[in-house]
Amino acid sequence: MCKLFIGAEPQLWEARAKSLRIDGMVTSVRLEDYFWRVLGEIAARDELSVSQLIARLHNEAAEAGHDLANFTSFLRVCCARYLDLLSRGDVPADPAQPISGLDADAILSRERERHAYA
């Protein structure tokens, strides 16, 4: 079982920092290459750069009142949620389908129903 994980490309867990602007402020985000790849996939679906996606996630999370003290963990969870929703069919596999065009309320409702039975 572990060979599936141990045998993966080592660069997947190598961390890289990227500089970007959020509300005009330059900041740096350090993530493993695997998460940069997933963020790139999510961003591409809505024709955004990864920097634009991260800034949007930051701003919308702040507007929702989330504590962003550990923003990199939030980004990792966003990636995991995306992959989970994709595997469940809540997010279409077609990368041409933008995330912004999905019915987020319906998806979140289905997700709550699944967890109510778990």
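Quick notes
- Positions within the range 21-49 being among the aliphatic types (A, V, I, L, M) and in contact with a helix residue (DSSP H, G or I) (Cβ under 8 Å, 6 or more places away or on another chain), in sequence order: I22, V29, L31, V38, L39, I42, A43, L48
- Residues of the range 1-14 classified as part of a helix (DSSP H, G or I) and surrounded by 11 or more Cβ atoms within 10 Å (Cβ to Cβ), total: 2
- The range 31-54 residues that are farther than 18 Å from P95 by Cβ, paired with ones that are part of a loop (DSSP other than H, G, I, E, B) (beta carbon under 9 Å, 6 or more apart): E32/E14; D33/E9; D33/E14
- Residue count for the range 67-83 satisfying the condition of being out of contact with any His (no Cβ under 8 Å at 6 or more places or on another chain) and at pLDDT 95 or above: 11.
- Enumeration of residues in the range 22-46 that are out of contact with any Ser or Thr (no Cβ under 7 Å at 6 or more places or on another chain), outside any helix (DSSP H, G or I) and either at pLDDT 95 or above or surrounded by fewer than 14 Cβ atoms within 10 Å (Cβ to Cβ) (or both): D23, G24, M25, E32
- Scan of the range 89-105 for residues that are without any contact (Cβ under 8 Å) to a residue 24 or more places away in the chain, assigned to a helix (DSSP H, G or I) and touching an Asp or Glu at 6+ places or on another chain (Cβ under 9 Å), ordered by number: G101
- The range 52-85, residues that are farther than 18 Å from M25 by Cβ and assigned to a helix (DSSP H, G or I): S73, R76, V77, C78, C79, A80, R81, Y82, L83, D84, L85
- Checked against (1) crowded, with 16+ Cβ neighbours inside 10 Å; (2) touching a Lys or Arg at 6+ places or on another chain (Cβ under 6 Å); (3) in a strand (DSSP E or B), A17 passes all but a single condition, namely (1).
- Only one of the numbered conditions (1) within 23 Å of A93 (Cα to Cα); (2) modelled with pLDDT of 95 or more is violated by L12, and that is (2).
The values are calculated or read from the model by the stated rules, or taken from the named source; none is laboratory data. Bear in mind that the values here come from a model prediction, so they are computed numbers and not experimental data. No Cβ is skipped: glycine too gets one built from the backbone with ideal geometry, and neighbour counts run over all protein chains shown.
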